[in-house]
Amino acid sequence: MAAAAAALLLPPKPILPPVPLSPATLPFPKTHRHFHRHRSFPKIPFSSSTPSETECPVPADQQPVNEYQSLSTSFPFSWAAGDLVEFSSRLFVTGASFALFVGLPVSWFGSAGSQSEPLKPALAAVSSGVFVVTLAVVRMYLGWAYVGNRLLSATVEYEETGWYDGEIWVKTAEVLARDRLLGSFSVKPVLSRLKNTLIGLAVSLIVCVALLINLEDSQKDSYISSGEAGVRAVPGVYNDESARSFEPDAFCGEPDLE
């Protein structure tokens, strides 16, 4: 009891702060400390024998990646790579402008009886606008297809000074991977859009031509039926019966043609 009472009367021992541990004070064997000190990811050595892009013998303006950049910013090829609404509106404005300012005047003043039948020159003007837009889209498609083929190909054909000294360069693995990635994700969607546009324009052009042919056939049938019925005059068509009714003196003494 006396010992316990004496222990209670003694002052408490001070609490010391924790001592930071270092790799030298850790209770690990020397071999483990050595492994912990040199633990890191291995470095991949760079092989100087791999040809870099700066060693490419192709001129800068004939390299596929530079051709792609030039094409994507040039007129009108940049339309296909832009927004779909903007691309469609530009094509519509181009076709409508040509049809209104070129196709309609030519078809209106170049055909007989256009005042009495305005549907025919209007269809001709629309057909001319669709045809011009189709030519523009075909030109875009050919340009993008050319650049896409050069990006996806493993070789590059180039000219050093002219057409007579053409050469072929085999792309390195890095250049081929970059070009094919660019061609797959940047050029192929543009080509798909242009293909769908060409299909729609072809259908529209066929419909316009079919309407023009049907309108022309219906007009011919109406002329023939009106001539057989003895109509005095048919606009735009010569008929002996109608001419005889307007100029009887010119047919004096001649028998009727039947």
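Global dimensions of the stretch 75-143 from alpha-carbon coordinates: Rg and Dmax equal 14.3, 44 Å. Given 37 °C and 0.692 mPa s, compute D for the stretch 61-197 with the Stokes-Einstein relation, Rh being the Kirkwood radius over Cα pairs; round to the nearest whole µm²/s. D = 189 µm²/s. In order along the stretch 190-206, the Karplus-derived 3J(HN,Hα) couplings, from 6.51 cos²θ - 1.76 cosθ + 1.60 at θ = phi - 60°, round to 5, 5, 5, 5, 5, 4, 4, 5, 5, 5, x, 5, 5, 5, 5, 5, 5 Hz, and Gly and Pro are given as x. If we count every other residue with Cβ under 14 angstrom of Gly183's Cβ, Lys/Arg +1 and Asp/Glu -1, where does the sum land? Local charge sum for Gly183: +3.
Rounded to the nearest 10 square angstrom, Ser218 shows an accessible area of 60 square angstrom against a 1.4 Å probe. Shape of the stretch 154-220 from its Cα gyration tensor (a ≥ b ≥ c, root eigenvalues): rounded if a/c is under 1.5, otherwise prolate when a/b > b/c, or oblate? Cα axes put the stretch 154-220 in the oblate bin.
In plain terms, the C-alpha convex hull of the stretch 121-190 casts an average shadow of 6.8 nm² when viewed from every direction.
Once both labels are positioned 7 Å from their Cα atoms along Cα-to-Cβ, the gap between Val207 and Leu142 label points is 2.8 nm. The candidates Glu117, Glu247, Glu159, arranged from most to least accessible area with a 1.4 Å probe in the full protein assembly, appear as Glu247, Glu159, Glu117.
The values are calculated or read from the model by the stated rules, or taken from the named source; none is laboratory data. Since the model is a prediction, treat every value here as computed from it, not as a measurement. Quick reminder, even Gly has a Cβ in these numbers, built from the backbone with ideal geometry, and neighbours come from all protein chains shown. Side chains are part of the model used for accessible areas, which takes the heavy atoms of the whole protein and leaves out ligands, DNA and RNA. Shrake-Rupley method; radii C 1.70, N 1.55, O 1.52, S 1.80 Å.
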